[in-house]
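Novice: Sharing a structure here in structure tokens format.
The values are calculated or read from the model by the stated rules, or taken from the named source; none is laboratory data. A quick note: this is a predicted structure, and the numbers were derived from the prediction, not measured. Methodologically, a virtual Cβ is constructed for each residue, glycine included, from the backbone with ideal geometry; neighbour enumeration extends over all protein chains shown. For the accessible areas, the whole protein counts, side chains as well, though only heavy atoms, and no ligand, DNA or RNA atoms are used. Shrake-Rupley method; radii C 1.70, N 1.55, O 1.52, S 1.80 Å.
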Amino acid sequence: MGLTFLVLQEQLMSENLSPSAENSMIKQLETSRRMSHLVKNLLDLSRMEQQDILDNVQMDLSVLIGRILDDYTDVLAAKGIRIRNHVGASLPVTGDSEKLFRLFVNLIDNAIRYNLPSGGEIKIKGKKSKTDLCLEILNSGSKIPEQDIPHLFEQFYRVEKSRSLILGGSGLGLAIARKIVILHNGRIEITNGPDQMIQTTVWLPRNRYAEQA
Ligand SMILES: Nc1ncnc2c1ncn2[C@@H]1O[C@H](COP(=O)(O)OP(=O)(O)O)[C@@H](O)[C@H]1O
Ligand SMILES: [Mg+2]
């Protein structure tokens, strides 16, 4: 976290400020928080561009997703989102656990962020074959305009710019997600799915080296 952030936060807590000064300080705090989030994402992206060496460990995506959902319990409850995790059975994969964690955090974060303001729903499904895994994350929310769909994975691309700004995104989450999927020789897609839900699908080879052989 930047120094500006800390200084602002301290002033906000310790000083007797007029409402307008406090307001402007809160705005600066928000901007500073957003900047630090943006810088973190940019660093991630450039790091991944340089480093195509992946950690290669055996892990279970079903455990990973369970852990992420646990971390988001409070956020989900606060937004009144009902979650249906159908992943259940084990989804073994050999890959980079830190990057795969980041991938699914970004996708679940979007499924929460772009959900309905109330009464929202998220469904997660997992399938496996001998060689591949398929993960589907479905969320309620406004349909994505068809003309935006081909651009969603571009850096800084956001649908409904002003609304997304309020929702606080940087437009880098899916660019990072796609990079991670490609590093694992997989594929990712977002479509307007069945039952008015937005569907994010990730296909991953269970062992990207075996796949290439
Ligand atoms: N699960 C989803 N449901 C609805 N819209 C989505 C979803 N995931 C991504 N989007 C749209 O794609 C845009 C790009 O996503 P992302 O790269 O994660 O950027 P952001 O930082 O804005 O979240 C978002 O601004 C949003 O409009
Ligand atoms: Mg995002």
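Novice: Could you give P(r) for the range 3-50, binned at 5 Å from zero, as whole percent values over all Cα-Cα pairs?
Specialist: Calculated P(r), rounded to whole percents: 5, 21, 23, 17, 10, 9, 8, 4, 3, 1.
Novice: Which listed residue (Q28, L38, L12) has the Cα farthest towards the positive end of the charge dipole for the range 3-50, taking +1 on Lys and Arg C-beta and -1 on Asp and Glu C-beta about the Cα centre?
Specialist: In the range 3-50, that residue is L38.
Novice: Here is a further query. Could you give each residue of the range 56-73 its phi-based ³J(HN,Hα) in whole Hz, using Karplus coefficients 6.51, -1.76, 1.60 with θ = phi - 60°, and x for Gly or Pro?
Specialist: Listing the rounded values in order: 10, 10, 7, 8, 10, 5, 5, 5, 4, 5, x, 5, 5, 4, 4, 4, 9, 3 Hz.
Novice: Pick from G126, G171, G80 the residue whose mean-square fluctuation is largest in a GNM of the chain, springs joining Cα atoms under 10 Å.
Specialist: G80
Novice: Which value, in debye to the nearest 20, gives the size of the charge dipole of the range 18-151 about its Cα centre, when Lys and Arg are +1 and Asp and Glu are -1 at the Cβ?
Specialist: Roughly 380 debye, rounded to the nearest 20.
Novice: Report the accessible area of R102, computed with a 1.4 Å probe over the heavy atoms of all protein chains in place, in Å² rounded to the nearest 10.
Specialist: Near enough 50 Å² of accessible area.
Novice: Using only the alpha carbon atoms of the chain, find the Kirkwood hydrodynamic radius as the inverse mean reciprocal pair distance, in angstroms to one decimal.
Specialist: With all distinct Cα pairs of the chain included, I get 18.8 Å.
Novice: What number comes out for the charge environment of A89, summing +1 per Lys or Arg and -1 per Asp or Glu over other residues with Cβ under 12 Å away?
Specialist: Residues close to A89 contribute a combined charge of +2.
Novice: In degrees from 0 to 90, rounded to the nearest 10, what is the angle of the helix 19-50 Cα long axis to the longest principal axis of the chain?
Specialist: The answer is roughly 30 degrees.
Novice: Follow-up question, since we're still on this one. Return the inverse of the average 1/r over all pairs of distinct C-alpha atoms in the range 67-136, which is the Kirkwood hydrodynamic radius, in Å to one decimal.
Specialist: So the Kirkwood estimate lands at 13.2 Å.
Novice: Moving to a separate point now. Counting alpha carbon pairs within less than 8 Å and at least 6 residues apart, what relative contact order, in whole percent, applies to the range 95-213?
Specialist: 30
Novice: Straight-line reach from K127: which lysines have Cα under 30 Å away, leaving out those fewer than 8 places along the same chain?
Specialist: The reachable lysines, counting only those whose Cα sits under 30 Å from K127, are K79, K99, K143, K179.
Novice: If I build a Gaussian network model for the chain, linking alpha-carbon pairs within less than 10 angstrom, which residue out of L174, L69, L103 has the largest mean-square fluctuation?
Specialist: Looking only at L174, L69, L103, the largest GNM fluctuation is found for L69.
Novice: In addition: Hey, what number do you get for the chain at 222 nm if only DSSP H runs of n ≥ 4 count, each worth -39500 (n - 2.57), divided across all residues, to the nearest 500?
Specialist: -15000 deg cm²/dmol
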